[in-house]
Every structure is written in structure tokens, then in C-alpha cells.
Amino acid sequence: MGADGSATTSPIQPIAAAWLADVDVLTDRLMSAIFTDNPEWTDYGSVPHEVLRDGSRRYLTRVLEILGGARSMAVDDDVAAQIGRQRAEQGVSLEVILRTFRLGGRIVWEALLERASGAEIEPGAIGATATAMWTVVDGLSSALSTSYRQAQLERLRGDEQHKHALVEEVLAGRAMDGGFGQRVADQLELPVGGGYLVVVADLGADGSAALRNPQTALAAVGVRSVWHVRADTLVGLVPLDGHDVQFVLDRLGPLARGRAAAASTSRGLADVGLAHRLAVVALGTLPTGTVGLVPIEDRYPESLLLSEPELCRRLVRTWLGPILDLPARERDLLLETLAGWLDADRSAGAAATLLYCHRNTVLNRLQRISTLVGRDLSGRQAYVELSLALTAIGLPGDVLSR
């Protein structure tokens, strides 16, 4: 047996081959050793006894086959790989399985020495066989480890995909079905009822989110959360569990590196889908390049306008259309005057102070605006509609052209 596990002429080969007929004896020895040699290191509680015995038998058989020259050592040995995958699926730790492989190697070595004692084998040959045998055990352990880790990775991916699918169902409103909502709550470890904050943040082209490590930041203050990556946004479901909405927003706000928005609900998972839709609308009201996290409550006018783009366009055209058609200098002057007047609660004197001009100048410009649009600027309805129209032209550039 060569050091790489390849078959060579060796006086130990016939002994290894002979043990194949008695592999059940070695299997009994290994099963006994698993549970008596430092049993506190062994946790095979999830593996049925017969399944564990079958795996042990197949492993010992493979070791003897390689040592006996019937097989060559393979990097991806199928027996070791299958055992690794199966134990990963059964939840057995890799350390426990590798310990079993080492125990099996020791038992095979002792068995070889047992029968070699009556044969005329030179000490040097026995030493070379020991080196080869542990090379085989190392090789099989490596194949097992590779398969085990691959199975774990696939399982984690499957778990993550399942979690994402559940979150997508919640965002689509399926949690309104009480039975489904309870199953989702159990699997995601979230409460069915109570308050929730739903957060959405932009994702960059490189996959980086506009909120940096939000789950870690919230966990540090005892707030649990579930985060879900969609095509162009990062979505967070944050059960409030008695925390104030502002408390959570204050923890997330400093993490913003781009646009982020949030909406809350007090009606549990069933209403998370609606809160998500509102948060998405609020996010859409933020101009490109904005850095910060805003709650829907801070973007009500903008969100209303964005939700009804045709009404938004009509409102702007009705109240501001003639002004927007003016040359840029006059257009900007009149819009600035109108905004200052509204900010000053429609006081010409207060607006003049804000705009660094005379009160009569403000009045003249307002009269010019009224003449252009053909509407009286006084009254509650005019105040509301003018305010909304000015808000609309401040929305992201493509809103009015949709």
C-alpha cells in the first residue's frame, strides 16, 4: 500500500482482504467503541441504530478494500461522501463523525495487528502499513468533510429560500389567513399579533443596502427582526414587542447610506402587507440621492400624490401649468414667491421677510400668479391644492411624466 492509498504489493494486503469476510465483527467493535469511548463526545441521538451500524459497516468495508488492494483511494470516495451527506441531513456534528472515522481506523489497525502477529511480517512492513492506513483514514475523512459541508450549505440555502418565500407571502397579504399567519409566525419566530414596523431600503447595483447591518444594530438593543432581499429593495419586518416606533427608527436612522422608508401597523402579521405597500410608496417619494430613513407619517402629501399619478399631473397642470411654461428665471421667481407665501401662512408681510423683498412686491407677484392660472388664491381649497401642487413638482423627476 502506497502512502497515497494506491495498491502496491504488501504482506498486509491479504490480512486486510481476509478481514472483509468478518467485517461484521469489526462493526460490532466500532459500535461498542462509539458509545463507550468518551461517550460524552458522541451525539447520534438523531440517527437510528441500524442506520448508524450500516454506515459504520460500509466505512470499515471501504477501509479494508483500499488496504487490501481491491480499490484505490478516491478524493470523492462515494461511501464517505454519502455518509457525510446523510449525517449532515440528520443534524450530527462533523466533529462526531470524524471521531467515529478515527475510531474505525484504530479498530482496523488493531485487527490487522491481531492477525499479523502469527504471520512472518517484517517490522518495517508493518510500519509502512500504519502510514498507509492512516493516509486512507485521512483521505476518507476529507471526502466526508467536503460532502458534509456541501450538504450543510445546500440546506442553509434551502432554509433561506424557504424563509424568503414565507416573507414574500406575508408581503402579498396572505397572513390575513389566520392559519397561514400562525404557520409563518412559528417558522419565522415572529408574533402573530401586536405592532410591526416594516422598513424598505434601496439596494445598490452592487447589492449593498441603504441601511447598514440593521439586524445587528437592532439585536444589540434587544429588538428582533427579519430582513429579506428583493429585486431592488431590502425589506425588514420588525415586531415592536412593546418598543415604541420612534425607538426603532432612532436606532435605524443613523445606519442610512441612501433612501429608506418605514410604515407601522398595530394589527400584527395580517397587516404587514399593507404596511409594506405604504413604506414602498413613501420610499418612492424620496428624490434620488436622498440619505435618510423617513416614516410614512412624514410623507403623507407626497405619498398621496404618488399613489394617484394622473390626479397629480392634473393638479399640477391646473394650478401651476402656466407658470411652469414661463422662461426659467420668471418661473423660478414666481414659484419661490408662492412657496414663501404658503410657508408664511399666506401673510404677504411675513413672506416678504422670508423672501427679502417688499410686501407690495409679494402682492404683485401673487396677482401675476392668479392672473396666469386664472384662479383665486384665497380660501382653504386653494391653499390645500396649491400646497399639494408645489409638493408634486418636488417629487422624483419622472413622477409627473408617468
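The values are calculated or read from the model by the stated rules, or taken from the named source; none is laboratory data. Given the structure is predicted, the values throughout are model-derived calculations rather than measurements. Cβ coordinates were reconstructed from backbone atoms using ideal geometry, including for glycine residues, and neighbour counts include every protein chain displayed.
The table for this structure:
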{"item": "Residues of segment 34-82 that turn out to be touching a Leu at 6+ places or on another chain (Cβ under 6 Å) and of a type in the set (A, V, I, L, M), as a count", "result": "3"}
{"item": "Given (1) closer than 27 Å to residue 365 by Cα; (2) in a helix (DSSP H, G or I); (3) not β-branched (Val, Ile, Thr), number of the condition residue 326 does not satisfy", "result": "(2)"}
{"item": "Sole residue being in contact with a helix residue (DSSP H, G or I) (Cβ under 7 Å, 6 or more places away or on another chain), assigned by TED's automatic domain parsing to the domain that holds residue 199 and either modelled with pLDDT of 80 or more or closer than 26 Å to residue 64 by Cα (or both), chosen from 185, 143, 151, 175", "result": "185"}
{"item": "Hits in segment 232-284 - residues which are assigned to a loop (DSSP other than H, G, I, E, B) and either more than 21 Å from the chain's Cα centre (by Cα) or surrounded by fewer than 20 Cβ atoms within 10 Å (Cβ to Cβ) (or both)", "result": "232, 240, 241, 242, 243, 244, 257, 266, 267, 268"}
{"item": "Residue 285 among the β-branched types (Val, Ile, Thr), in contact with a Ser or Thr (Cβ under 7 Å, 6 or more places away or on another chain) and under 14 Å from residue 394 (Cβ atoms)", "result": "yes"}
{"item": "Number of positions in segment 73-100 that are of a type in the set (A, V, I, L, M) and loosely packed, with under 15 Cβ neighbours inside 10 Å", "result": "1"}
{"item": "Qualifying residue in segment 176-192 (condition: more than 23 Å from residue 162 (Cβ to Cβ) and in contact with a Lys or Arg (Cβ under 8 Å, 6 or more places away or on another chain))", "result": "no"}
{"item": "Tabulated pairs, segment 8-33, first modelled with pLDDT under 95, second in a helix (DSSP H, G or I) and acidic (Asp, Glu), C-beta under 8 angstrom, 6+ apart or interchain", "result": "20/65"}
